[in-house]
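Asks: Let me begin by handing over the structure; questions about it come next.
The values are calculated or read from the model by the stated rules, or taken from the named source; none is laboratory data. In this text, all values refer to a predicted model and were calculated from it rather than measured experimentally. Backbone-built Cβ (ideal geometry, glycine too); neighbour counts: all protein chains shown. All accessible areas refer to the heavy atoms of the entire protein, side chains included, with ligands and DNA or RNA removed. Shrake-Rupley method; radii C 1.70, N 1.55, O 1.52, S 1.80 Å.
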Amino acid sequence: MSVVVIGSANLDLVYEVERIPAPGETVLSRGSASFPGGKGNNQAIAAARAGADTKFIVALGRDAAGDRLAGQARNAEITLLDRRVDAPTGTAVIFVDRKGENSIVVNSGANAELVDLTDDELAEIRAADVLVLQLETPLPTVTAAMHAARAADTVVVLNAAPSGSFPVELLSQVDVLIVNEHEAAELAGEPAGTGERSLMSVLTAHGCDVVITLGSEGAFVGGHGTVPVKVPAFPVDVKDTTGAGDVFVGAFAATLDRNTDMERSLVEATEFATAASALAVQRRGAGPSIPTGTEVHKFLASQ
Ligand code: RIB
């Protein structure tokens, strides 16, 4: 399976706190550390560790953080199609509370400079089985990549995160949309708390298959004109949910089999991705928590 990921790479500065501070409040951290992160980077590492031949198109600064992220991506056996730009490498400040829930602020930095794709990068997209996109990259780049992929029969997997910037009519250019409940409601133009069945029917009406991740409840998988299926989560002790959604997306893309019945393939890829996320939430940090395919298979066999 060959996967091209286009997206962000950030250096995550993670603070462990008893609880996330309210506006105007100061809290003391129990400890802090920096990890490789960024939704695109996490998804590329997850796809590579799950066994896919993975290429990652990314913009990094000419700085120590850029060198560190590039080195870590190469260690994960990703083919890095990186450009160095005149902006600092992206960073994220992350608070993780005692329940493992997080709050994240991203400074896009170099990621905002990924404003076009070279002919070589477009050729890589056309040659790949799957293209993975998220929304920490400028929308014109996301859109151009989608159109190139669709014209070449490359499967487009869009993780519409963070929410708020994607025109819903562009879902017609997406093969598989992966969103959490909050992102699904926002994209569907429905109020928070709308049930996943209603969200599923609004989103699949645009012609794409949809996976709505439900945290500890698992995931809901549906396609245009098919009956949605619930894939249960694995009960595990949660230490840190940072990047768990990205692990899901990367592992999903790596296992999606376009040469078989799509409905079955969607459910099987979701089961594998759910297991990969279950392993990730038991470890700290985004990058370091990402499991290998062998670990995921072992975990599934033990269940
Ligand atoms: O999804 C988690 C990621 O979001 C973090 O690694 C952070 O960098 C932000 O991009």
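Asks: Among what's in region 231-263 and is over 19 Å from residue 296 (Cα atoms) and without any contact (Cβ under 8 Å) to a residue 60 or more places away in the chain, pick the residue that is least open to solvent (accessible area, probe 1.4 Å). Show your work before the answer.
Replies: Our first condition is that a residue be over 19 Å from residue 296 (Cα atoms); within region 231-263, this holds for 258-263.
Filter once more, so that each one left must be without any contact (Cβ under 8 Å) to a residue 60 or more places away in the chain: 259-263.
Numbers: 259: 139, 260: 42, 261: 85, 262: 59, 263: 98 Å².
Step by step, filter region 231-263, then rank; the result is 260.
Asks: Let me ask something additional. Scanning for something under 13 Å from the mean Cα position of the chain (by Cα), open to solvent by 10 Å² or more (accessible area, probe 1.4 Å) and within 16 Å of the ligand (Cβ to nearest atom), does region 24-34 turn up at least one residue?
Replies: Step one: list which residues in region 24-34 are under 13 Å from the mean Cα position of the chain (by Cα), which gives none.
Within region 24-34 (the criterion being under 13 Å from the mean Cα position of the chain (by Cα), open to solvent by 10 Å² or more (accessible area, probe 1.4 Å) and within 16 Å of the ligand (Cβ to nearest atom)), the answer is no, since none of the residues qualifies.
Asks: While we're on this one: Please work out which residue is nearest to the ligand (Cβ to nearest atom), limiting yourself to region 84-108 and to residues that are more than 20 Å from the chain's Cα centre (by Cα) and surrounded by fewer than 14 Cβ atoms within 10 Å (Cβ to Cβ).
Replies: Applying the first criterion (more than 20 Å from the chain's Cα centre (by Cα)) to region 84-108 yields 84-88, 97-99.
Now narrow it down to the ones that are surrounded by fewer than 14 Cβ atoms within 10 Å (Cβ to Cβ): 86, 98-99.
On the way: 86: 21, 98: 19, 99: 17 Å.
Going through the qualifying residues, I end up with 99.
Asks: Please name all residue pairs, on different chains or six or more residues apart, with Cβ atoms under 6 Å, provided the first residue is in region 105-129 and is within 19 Å of residue 66 (Cα to Cα) and the second residue is open to solvent by 60 Å² or more (accessible area, probe 1.4 Å) and within 16 Å of the ligand (Cβ to nearest atom).
Replies: 109/88
Asks: Residues being more than 14 Å from the ligand (Cβ to nearest atom) and either within 22 Å of the chain's Cα centre (by Cα) or charged (D, E, K, R) (or both): count how many of those fall in region 14-23. Walk me through how you get there before you give the answer.
Replies: Quick first cut of region 14-23, residues more than 14 Å from the ligand (Cβ to nearest atom) only: 16-23.
Narrowing further to those that are either within 22 Å of the chain's Cα centre (by Cα) or charged (D, E, K, R) (or both): 16, 18-19.
Number satisfying all stated conditions: 3.
Asks: Which pairs do you get when a residue that is over 17 Å from residue 36 (Cβ atoms), found in region 48-64, comes within reach of a residue that is surrounded by 24 or more Cβ atoms within 10 Å (Cβ to Cβ) and among the polar types (S, T, N, Q), reach meaning Cβ atoms under 9 angstrom, with the pair 6+ apart or on two chains?
Replies: 62/89
Asks: For region 254-303, which residues satisfy the criterion of being among the aromatic types (Phe, Trp, Tyr) and over 30 Å from residue 207 (Cβ atoms)? Give the steps one after another, and end with the answer.
Replies: We begin by selecting, within region 254-303, every residue among the aromatic types (Phe, Trp, Tyr); these are 272, 299.
Across region 254-303, the qualifying residue is only 299.
Asks: Give the residues of region 1-13 that are within 16 Å of the ligand (Cβ to nearest atom) and either at pLDDT below 95 or surrounded by fewer than 17 Cβ atoms within 10 Å (Cβ to Cβ) (or both), sorted by residue number. First the steps, then the outcome.
Replies: Step one: of region 1-13, the residues within 16 Å of the ligand (Cβ to nearest atom) are 5-13.
The one that is within 16 Å of the ligand (Cβ to nearest atom) and either at pLDDT below 95 or surrounded by fewer than 17 Cβ atoms within 10 Å (Cβ to Cβ) (or both): 13.
Asks: Of the conditions (1) within 16 Å of the ligand (Cβ to nearest atom); (2) in contact with a helix residue (DSSP H, G or I) (Cβ under 6 Å, 6 or more places away or on another chain); (3) within 22 Å of residue 149 (Cβ to Cβ), residue 111 clears all except one; give me its number.
Replies: (2)
Asks: Could you tell me which numbered condition residue 269 fails, if it satisfies all but one of (1) free of Cβ contacts under 8 Å to residues at least 60 places away in the same chain; (2) of a type in the set (A, V, I, L, M, F, W, C); (3) surrounded by fewer than 23 Cβ atoms within 10 Å (Cβ to Cβ)?
Replies: (3)
Asks: Restricted to region 141-171, and to residues that are assigned to a loop (DSSP other than H, G, I, E, B) and among the hydroxyl-bearing types (Ser, Thr, Tyr), which residue is surrounded by the fewest Cβ atoms within 10 Å (Cβ to Cβ)?
Replies: Residues of region 141-171 assigned to a loop (DSSP other than H, G, I, E, B): 152-154, 160-167.
With the extra rule that they be among the hydroxyl-bearing types (Ser, Thr, Tyr), the set shrinks to 154, 163, 165.
Working: 154: 24, 163: 15, 165: 12.
Here the residue is 165.
Asks: So, residue 174, is that one closer than 20 Å to residue 44 by Cβ, away from the ligand (no atom under 14 Å from the Cβ) and open to solvent by less than 50 Å² (accessible area, probe 1.4 Å) or not?
Replies: Details: closer than 20 Å to residue 44 by Cβ: yes; away from the ligand (no atom under 14 Å from the Cβ): yes; open to solvent by less than 50 Å² (accessible area, probe 1.4 Å): yes.
Criteria met by residue 174.
Asks: Enumerate the pairs (first residue in region 205-230 and on the phi > 0 side of the Ramachandran plot; second residue anywhere and part of a strand (DSSP E or B)) with beta-carbon separation below 8 Å, excluding pairs fewer than 6 apart on the same chain, so at least 6 apart or on different chains.
Replies: Note: pairs meeting the criteria are 215/180; 218/230; 218/231.
Asks: Moving on to the next point. Any residue that is part of a loop (DSSP other than H, G, I, E, B), surrounded by fewer than 23 Cβ atoms within 10 Å (Cβ to Cβ), away from the ligand (no atom under 16 Å from the Cβ) and modelled with pLDDT of 95 or more - is there at least one of those in region 219-229?
Replies: Applying the first criterion (part of a loop (DSSP other than H, G, I, E, B)) to region 219-229 yields 223-228.
So of that shortlist, the ones also surrounded by fewer than 23 Cβ atoms within 10 Å (Cβ to Cβ) come out as 223-228.
Of the ones still in play, those that are also away from the ligand (no atom under 16 Å from the Cβ) are 223-228.
Subset that is modelled with pLDDT of 95 or more: none.
No, every residue in region 219-229 fails to be part of a loop (DSSP other than H, G, I, E, B), surrounded by fewer than 23 Cβ atoms within 10 Å (Cβ to Cβ), away from the ligand (no atom under 16 Å from the Cβ) and modelled with pLDDT of 95 or more.
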